[in-house]
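In what follows, a single structure is set out as structure tokens and then discussed.
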Amino acid sequence: MERLAKSAHTGHPWRVHDVASDFEVEDVWAFRVPGAGPDDFRAVLEAIRSSGGIDRMSPPTRFLFAVRWRLGALFGWDDPESGVDARKASIRHRLPDDLRTAPRGPDHASMPLKAVYETDTEALRELVNRTAHALMHLGWVPRDDGGHELRMAVLVKTDGRLGRLYMAAIAPFRHLIVYPALGRQWERAWAERDRVAERRDERGGS
């Protein structure tokens, strides 16, 4: 995985630009997906979903998330009334008709980021709490060597001074611990996709 300049996201003609122009790009990362072709974006997304989420991350990363959820509960950052369409309108309300009616991908109770839209080359999820309205954009990009890579961009609209302080405070943890751990997990999930498929077949496709 590799951290990229913000222009790696802003300079690409993603459809998210049309609906999130008032969000600031915080981070852009590229993830390796060896052997993937132009039509494999959804297969990569499925491998990521099969990777186990936070529960299968490294102990330091799980600890950071546990601390974050504990602080959120203590200060009410993640209360239901502060979520999507409660405190702030979902960005889905900004989507053009073709994206609003298209499949958007599955949601899971354990996944705080909720699906907004999913196409053959990009996917968007969002999170709203008392600190920020955040978007995670995943995009499929051809490489100069003929392969493809997965790019993740985090876009944020902070909520006042609290949001700005919060984003500044967690920046070192994101860059040094969380995103590298996420990258290793995603890249491992892609490398192990055949074994995941075999396990599903053994369980009867469940």
>> When you check Thr101 against the structure, is it hydroxyl-bearing (Ser, Thr, Tyr) and open to solvent by less than 70 Å² (accessible area, probe 1.4 Å), yes or no?
In response: no
> For segment 158-174, does any single residue satisfy the condition of being surrounded by fewer than 21 Cβ atoms within 10 Å (Cβ to Cβ) and outside any helix (DSSP H, G or I)?
Replying inline: yes
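Okay, residues lined up against (1) part of a helix (DSSP H, G or I); (2) modelled with pLDDT under 70; (3) out of contact with any His (no Cβ under 6 Å at 6 or more places or on another chain):
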site: Ala36; (1), (2), (3): no, no, no
site: Ala43; (1), (2), (3): yes, no, yes
site: Ser51; (1), (2), (3): no, no, yes
site: Leu74; (1), (2), (3): yes, yes, yes
site: Glu81; (1), (2), (3): yes, yes, yes
> With Arg32, Arg87, Arg68 as the choices, which residue is open to solvent by 90 Å² or more (accessible area, probe 1.4 Å), more than 26 Å from Gly146 (Cβ to Cβ) and either modelled with pLDDT of 70 or more or over 15 Å from the mean Cα position of the chain (by Cα) (or both)?
Replying inline: Arg87
> Within segment 1-19, which residues are of a type in the set (D, E, K, R) and not in a loop (DSSP other than H, G, I, E, B)?
Replying inline: Glu2, Arg3, Arg15, Asp18
> Among the residues of segment 109-130, which ones are open to solvent by 50 Å² or more (accessible area, probe 1.4 Å), assigned to a loop (DSSP other than H, G, I, E, B) and closer than 25 Å to Asp159 by Cα?
Replying inline: Ala109, Ser110, Met111, Pro112, Arg130
> Looking at (1) modelled with pLDDT of 85 or more; (2) buried (at least 16 other Cβ atoms within 10 Å of the Cβ), which is the only condition Pro142 fails?
Replying inline: (2)
> Within segment 137-152, is even one residue assigned to a helix (DSSP H, G or I), of a type in the set (Val, Ile, Thr) and more than 10 Å from the chain's Cα centre (by Cα)?
Replying inline: no
>> So, Asp22, is that one modelled with pLDDT of 90 or more, closer than 20 Å to Arg125 by Cα and not in a helix (DSSP H, G or I) or not?
In response: yes
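The values are calculated or read from the model by the stated rules, or taken from the named source; none is laboratory data. All figures in this text were calculated on a predicted structure; none of them were measured in a lab. Positions of Cβ are backbone-derived with ideal geometry, glycine not excepted, and every protein chain shown enters the neighbour counts. What goes into the accessible areas is simple: the full protein's heavy atoms, side chains included, and nothing from ligands, DNA or RNA. Shrake-Rupley method; radii C 1.70, N 1.55, O 1.52, S 1.80 Å.
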